[in-house]
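First up is the structure itself, then whatever we jot down about it.
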Amino acid sequence: MSTIYILWLRQIKRYLRSRSRIIGSLGQPLLFLFALGFGLGPIYAKAGGGNYITFLAPGVIAMSVLFTSIFSGIEIIWDRQFGFLKETLVAPVPRLAVMIGRTIGGATVALIQGIIVFCITFLAGFHPESWSMVPVAILIMFLIAILFTAIGTAIASVLEDFQGFQLIMNFLVMPLFFLSGALFPLEGLPKAIEIITKLDPLSYGVDALRFSLIGASHFGIGLDITVLGLMTMFFLWLGSTLFARIQV
Amino acid sequence: MTASPSTSAPIIAVKNLTKSFGEIKAVKNISFDVRTGEIFGFLGPNGAGKTTTIKMLTTLLRPTSGEIRLNGFDPAKDQASVRQSFGIVFQDPSLDDELTAWENLELHGVLYGVPKKLRRERMQELLEIVSLSDRKDDLVKHFSGGMKRRLEIARGLLHHPKILFLDEPTIGLDPQTRNHLWNYVTDLNKKENITVFLTTHYMEEADRVASRIAVIDHGVIVAMGSAQDLKTKTQTANLEDAFLKLTGSSIREEDASPIDSLRAHSRMWRKR
Ligand SMILES: Nc1ncnc2c1ncn2[C@@H]1O[C@H](COP(=O)(O)OP(=O)(O)OP(=O)(O)O)[C@@H](O)[C@H]1O
Ligand SMILES: [Mg+2]
């Protein structure tokens with residue numbers, strides 16, 4: 001328990017100390033929110049979709065949670081290169097506890113980042129359908145954060161250095177985001193795209209966030225939570241298995 | 001085996017241990033025992049396989065073949081029990097740069113389950129010993145190389161394990177700190193009967209503190225015994241000469257420039 005806590009605390013401290021990282025990672029969601037939101041808004045309204053900002057805001061929140069949590073997971077590669085990883089790997093505590101501590105820490109950081117972006121969406125004119133559902137939205141953000149931190153951990157456990165990093169960005173993180181329905185509705189898509197979006201775990205996260213924030217859902221909240229929950233359990237298992245096997 | 005005071009049960013037993021990285025055989029079929037309460041020096045030129053051996057003993061690397069018993073446990077199978085048994089100061093950096101000195105120590109103490117009161121006492125004491133007390137709240141990334149090294153050592157001594165691994169603990173340290181360190185370590189060894197497994201390139205340090213020494217070269221143990229044994233065996237006056245005689249005086253390929261290693265090679269050819 002104290003292992004999990006101290007490693008969680010470490011992640012939080014590192015996050016709070018890197019102001020430039022906090023601000024830097026807000027740039028992308030802001031750009032998507034304002035450029036796409038206001039740029040595509042008129043077309044979206046003309047096509048009968050309603051207010052695009054309202055539709056887009058949960059997607060952009062999910063995006064910032066996705067990016068921050070994958071990076072938090074992948075931070076293991078940093079720790080490997082700077083050597084700190086060894087310190088935790090030889091400690092007389094279960095590697096599972098180490099992995100869980102890191103994951104919850106990374107997920108907390110991603111959650112904070114998601115909440116900051118949530119607040120920024122107000123500036124773009126977004127407001128949640130019902131404030132009483134906001135705590136639910138926060139829980140969903142946390143679930144998304146845990147899932148993708150675990151995925152980041154699993155990936156970083158098998159990578160030795162940053163050489164595969166570009167590959168992961170372009171062939172995993174970007175597709176996860178763009179094919180999740182964060183930017184466009186999932187209704188009436190070509191068959192191939194529809195299948196891919198259904199395989200993308202982030203689709204269910206975005207959908208659950210939309211359910212809690214704007215009261216609209218494509219898959220239904222029951223399916224969303226089931227898929228997110230099962231995926232999270234699977235990747236926590238995979239991440240901890242791979243993490244336990246790390247050699248340095 | 002007959003039991004005499006100097007031959008108590010081995011706390012580390014290594015048999016036919018081998019580690020290959022692809023083509024490179026870093027450790028070749030080595031066997032040795034370290035007795036409980038001993039200070040064991042593991043010496044060898046750069047790239048000899050010292051760190052690789054330590055990594056296998058401390059669960060960081062899986063051996064290619066061979067057998068290890070550390071405090072009675074197998075690092076390949078019973079990792080939890082093995083990790084309970086030792087502490088280590090790594091050769092390479094292993095601090096978190098984004099935390100302060102104090103936070104690095106605190107994190108270590110918590111991971112190793114040192115009770116809070118004892119932890120705080122030792123943290124104060126060790127920071128004193130490595131003269132970092134006044135810098136304890138600074139981020140490690142603002143430390144000099146030597147200060148980081150001192151903090152690594154303080155951290156390694158924060159809990160008192162059965163076996164302490166010190167992989168070149170004194171690289172980059174000033175003579176004062178080196179002196180403090182060895183005094184502290186020999187003290188721990190005497191008072192708490194902690195077994196120490198150390199590597200160093202400073203022969204006078206090994207001569208001073210190690211009760212027994214193994215010399216490893218190109219992954220093979222070429223000699224083992226007390227410093228005196230090694231000197232007698234090689235008919236040399238000091239450990240440095242004994243070491244050079246045992247391992248040859250050619251520069252190791254890893255450290256040598258191409259020209260150096262060419263020279264070393266031609267020297268070797270001429271000898272034959
Ligand atoms: N991860 C690795 N991959 C490939 N080769 C490795 C790896 N780790 C070590 N080696 C090789 O194994 C050999 C032994 O290295 P090791 O680090 O054990 O030497 P050492 O005795 O600790 O040397 P030094 O005094 O320089 O610290 C070297 O040839 C090194 O290149
Ligand atoms: Mg070494």
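The values are calculated or read from the model by the stated rules, or taken from the named source; none is laboratory data. This structure is a prediction, so every number in the text was calculated from the model and none was measured. Here Cβ is always computed from backbone atoms with ideal geometry, including for glycine, and neighbour counts include all displayed protein chains. What goes into the accessible areas is simple: the full protein's heavy atoms, side chains included, and nothing from ligands, DNA or RNA. Shrake-Rupley method; radii C 1.70, N 1.55, O 1.52, S 1.80 Å.
Structure above, values below:
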item	result
For B:LEU164, distant residues with modelled amide H under 5 Å away	B:GLY87, B:THR195, B:VAL196, B:PHE197
Cut-off under 5 Å, modelled amide H: who pairs with B:LEU61 long-range	B:MET56
Charge context of A:SER72, other residues only, Cβ under 12 angstrom, K/R +1, D/E -1	+2
³J(HN,Hα), Karplus 6.51/-1.76/1.60, whole Hz, each residue of the stretch B:68-81, x for Gly, Pro	10, 10, 10, 6, x, 10, 9, x, 7, 10, 9, 4, 4, 5
Charge sum, other residues only, whose C-beta stays under 10 Å from A:ALA216's C-beta, Lys/Arg counted +1 and Asp/Glu -1	-1
Modelled FRET efficiency - R0 51 Å, B:ASP134 with B:VAL222, Cβ distances, 0.05 increments	0.65
Sites B:LYS25 and A:VAL248, calculated FRET efficiency, Cβ-Cβ separation with R0 30 Å, nearest 0.05	0.95
Accessible carbon and sulfur surface of chain B relative to its total accessible area, %, 1.4 Å	51
Only Lys, Arg (+1) and Asp, Glu (-1) charged, at Cβ; the stretch B:56-182 dipole about Cα centre in debye	380
DSSP loop GluC sites (Glu not before Pro) with at most 15 other Cβ within 10 Å: longest gap in chain B	B:24-252
Most to least packed among A:143-154, B:133-144, B:180-191 [average Cβ atoms within 10 Å]	A:143-154, B:180-191, B:133-144
The stretch B:199-250: C-alpha gyration tensor shape, a/c 1.5 cut-off, then a/b vs b/c	rounded
Table column - 3J(HN,Hα) (Hz), the stretch A:146-163, Karplus curve with 6.51, -1.76, 1.60, x for Gly and Pro	4, 4, 7, 5, 5, 5, x, 4, 4, 5, 5, 5, 9, 9, 8, 8, 7, 5
Fraction of antiparallel bridges per DSSP, the protein assembly as shown only, in percent to nearest 5	55
Karplus (6.51, -1.76, 1.60) ³J(HN,Hα), θ = phi - 60°, over the stretch B:137-142, in Hz, Gly and Pro reported as x	9, 8, 5, 4, 5, 8
GluC sites (Glu not before Pro), loop per DSSP, at most 16 other Cβ atoms within 10 Å - longest free stretch of chain A	A:1-128
Helix B:258-271 axis, angle to chain B major axis (alpha carbon atoms, nearest 10°)	40
Dipole of the protein assembly as shown [Lys/Arg +1, Asp/Glu -1 at C-beta], most positive-end residue of A:GLY73, B:LEU166, B:ALA9	B:ALA9
Residue-span extension gain [A:LEU123 to A:ALA47] - 0.36 nm each, minus C-alpha spacing	24.9 nm
Point-charge dipole on Cβ atoms (K/R +1, D/E -1) for the stretch A:173-238, about Cα centre, debye to 20	40
Amide H partners (placed H, <5 Å) of B:ILE11, local residues excluded	B:VAL34, B:ARG35, B:THR36
Environment charge at B:THR186 (Cβ cut-off 15 Å; Lys +1, Arg +1, Asp -1, Glu -1)	-1
Total charge dipole magnitude, the protein assembly as shown, about the Cα centre, Cβ charges on Lys, Arg, Asp, Glu only, Debye to nearest 20	820
Cut-off 18 Å, label 7 Å out along Cα→Cβ of A:ASP161, residues of the stretch A:67-86 by amide N	A:75-86
Most positive-pole-ward Cα, A:ALA156, A:TYR5, A:ILE43, against dipole of the stretch A:2-244 from beta carbon charges	A:TYR5
Within straight-line cross-link reach of A:LYS86, aspartates and glutamates at Cα separation under 12 Å, skipping those fewer than 8 residues along the same chain	B:ASP92, B:ASP96
Per-residue [θ]222 nm for chain A (sum of -39500 (n - 2.57) over DSSP H runs n ≥ 4, rounded to 500)	-24500 deg cm²/dmol
Cα shape, chain A, gyration tensor, a/c 1.5 rule	prolate
Chain B, helix-only ellipticity at 222 nm - DSSP H runs n ≥ 4, -39,500 (n - 2.57), divided by all residues, nearest 500	-12000 deg cm²/dmol
Under 15 Å from B:LYS245, Cα to Cα: aspartates and glutamates that are on another chain or at least 8 residues apart	B:ASP217, B:ASP229
24 Å Cα-Cα threshold exceeded, pairs from B:LYS148/B:LYS231; B:LYS55/B:LYS116; B:LYS55/B:LYS148; B:LYS50/B:LYS77	B:LYS148/B:LYS231; B:LYS55/B:LYS116
GNM result for chain A, Cα springs below 10 Å: residue of A:PHE211, A:PHE162, A:PHE177 fluctuating most strongly	A:PHE162
Length released on extending from B:LYS191 to B:GLN176, taking residue separation times 0.36 nm less the Cα-Cα span	3.2 nm
